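Novice: Pasting a structure below so you can have a look.
The values are calculated or read from the model by the stated rules, or taken from the named source; none is laboratory data. Small disclaimer: the values here were computed from a predicted structure and weren't measured. Backbone-built Cβ (ideal geometry, glycine too); neighbour counts: all protein chains shown. Just so you know, the surface numbers come from the protein's heavy atoms only, side chains and all, with ligands and any DNA or RNA stripped out. Shrake-Rupley method; radii C 1.70, N 1.55, O 1.52, S 1.80 Å.
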Amino acid sequence: PWRLSGVVYGTLLNDRAALAAIGDAANQPPYKAAPKAPVLYVKPRNTLSNSGATVEVPADAGEFEIGASLGLVFGRTACRVSVADAFAHLAGFTLVADLSVPHDSFYRPSVRFKARDGSCVFGPRVVACNQIVSPDTLTLRVSVDGQVVHSASNAGMQRSVARLIAEVTDFMTLRAGDVLLLGVSAGAPRARAGQRFAIESDASELGRLEGSIVQEATTQEQAA
């Protein structure tokens, strides 16, 4: 019942290096301080696709950022969950490629950057929590055209899996089928039309997520 059936929430600035890279800009108006609570955004249903998907990059962008994240798939309703009980509310984990049009907005990125069709790629499977020994130290690797171009550990996240669940469910309810992304590490690599990407991790049980990028069809091409 949980398979891509709920709402997908991304988490911004959970990676310490990503927050540090912003520097003093986080203290400038309109924000005036670094975030003290999780900063979320929504990946709407039009963005959802499965491993193996072909995603169209807009012509005016030319490339996507390939954001690798661990997806936390909820199997039961979670409201004001404690850190100790957090894992009991999960159906399991999955790999997620959050594709974004490159942008400079780090708190409230425009929907047009984050919500392109097919730009949230899941898979290839959801794995039960007890099969992943240490999700908080899992290393995710991104490959483009067969070459590893980025590698980062979840150990760099400010909030662990359980802590993120506890803090998010303190102000909103998550339900079975919802997915919460742990976060994308700093320095997400980019890929352009004609290239293939893949995400793998230390946990072979999660498998290998794959996808390819093509140029978005023009209005004339769509009409033809």
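Novice: Tell me the strands (runs of 3 or more DSSP E) entirely within segment 107-159 that contain at least 1 residues that are surrounded by fewer than 18 Cβ atoms within 10 Å (Cβ to Cβ), at pLDDT 95 or above and among the β-branched types (Val, Ile, Thr).
Specialist: Counting at least 1 such residues, we get 139-144, 147-153.
Novice: List the pairs whose first member sits in segment 183-200 and is aliphatic (A, V, I, L, M), whose second member is open to solvent by 60 Å² or more (accessible area, probe 1.4 Å) and in a strand (DSSP E or B), and whose Cβ atoms are under 6 Å apart, counting only residues at least 6 apart or on separate chains?
Specialist: Here the result reads 193/215; 198/210, each pair linking segment 183-200 to a residue that is open to solvent by 60 Å² or more (accessible area, probe 1.4 Å) and in a strand (DSSP E or B).
Novice: Regarding residue 152, is this residue in contact (Cβ under 8 Å) with a residue 60 or more places away in the chain and closer than 15 Å to residue 13 by Cα? Walk me through it before giving the result.
Specialist: Values: in contact (Cβ under 8 Å) with a residue 60 or more places away in the chain: yes; closer than 15 Å to residue 13 by Cα: yes.
Against the criterion (in contact (Cβ under 8 Å) with a residue 60 or more places away in the chain and closer than 15 Å to residue 13 by Cα), residue 152 qualifies.
Novice: Name the residues in segment 165-190 that are open to solvent by 30 Å² or more (accessible area, probe 1.4 Å), part of a loop (DSSP other than H, G, I, E, B) and either under 19 Å from residue 19 (Cβ atoms) or basic (Lys, Arg) (or both), would you?
Specialist: 175, 184, 186, 187
Novice: Which residues, counting only those in segment 64-106, are among the β-branched types (Val, Ile, Thr) and either surrounded by fewer than 21 Cβ atoms within 10 Å (Cβ to Cβ) or closer than 20 Å to residue 49 by Cβ (or both)? Lay out the reasoning, then the answer.
Specialist: Going residue by residue through segment 64-106, those that are among the β-branched types (Val, Ile, Thr) are 66, 73, 77, 81, 83, 94, 96, 101.
Listed by number, the residues that qualify are 66, 73, 77, 83, 94, 96, 101.
Novice: Still on this structure: Of the residues 133, 127, which single one is closer than 26 Å to residue 211 by Cα and among the aliphatic types (A, V, I, L, M)?
Specialist: Result: 127 is the single residue among 133, 127 that is closer than 26 Å to residue 211 by Cα and among the aliphatic types (A, V, I, L, M).
Novice: Check segment 195-203 and report whether any residue there is over 23 Å from residue 50 (Cα atoms) and outside any strand (DSSP E or B). Can you show your working first?
Specialist: First pass over segment 195-203, keeping only residues over 23 Å from residue 50 (Cα atoms): none.
No, there is no match, as no residue in segment 195-203 is over 23 Å from residue 50 (Cα atoms) and outside any strand (DSSP E or B).
Novice: Answer with yes or no whether residue 61 is under 19 Å from residue 188 (Cα atoms) and not in a strand (DSSP E or B).
Specialist: In short, yes.
Novice: Could you say which residue among 74, 122 is in contact with a Lys or Arg (Cβ under 8 Å, 6 or more places away or on another chain) and among the aromatic types (Phe, Trp, Tyr)? Step through it out loud before you land on a result.
Specialist: Working: 122 fails: in contact with a Lys or Arg (Cβ under 8 Å, 6 or more places away or on another chain).
Of the residues listed, the single one that is in contact with a Lys or Arg (Cβ under 8 Å, 6 or more places away or on another chain) and among the aromatic types (Phe, Trp, Tyr) is 74.
Novice: Where residues in segment 1-12 are aliphatic (A, V, I, L, M) and under 12 Å from residue 181 (Cβ atoms), which of them is modelled with the lowest pLDDT? So that I can check it myself, show each step before the final result.
Specialist: Filtering segment 1-12 for residues aliphatic (A, V, I, L, M) gives 4, 7-8, 12.
If we keep only those that are under 12 Å from residue 181 (Cβ atoms) as well, we get 7-8, 12.
Values: 7: 93, 8: 95, 12: 90.
Of everything passing the filter in segment 1-12, 12 is modelled with the lowest pLDDT.
Novice: Within segment 194-203, does at least one residue satisfy the condition of being modelled with pLDDT of 95 or more, open to solvent by less than 70 Å² (accessible area, probe 1.4 Å) and among the hydroxyl-bearing types (Ser, Thr, Tyr)?
Specialist: Looking through segment 194-203, at least one residue is modelled with pLDDT of 95 or more, open to solvent by less than 70 Å² (accessible area, probe 1.4 Å) and among the hydroxyl-bearing types (Ser, Thr, Tyr).
Novice: Just one of the numbered conditions (1) at pLDDT 95 or above; (2) at negative phi; (3) among the basic types (Lys, Arg) is not true of residue 80; which one?
Specialist: All conditions are met except number (2).
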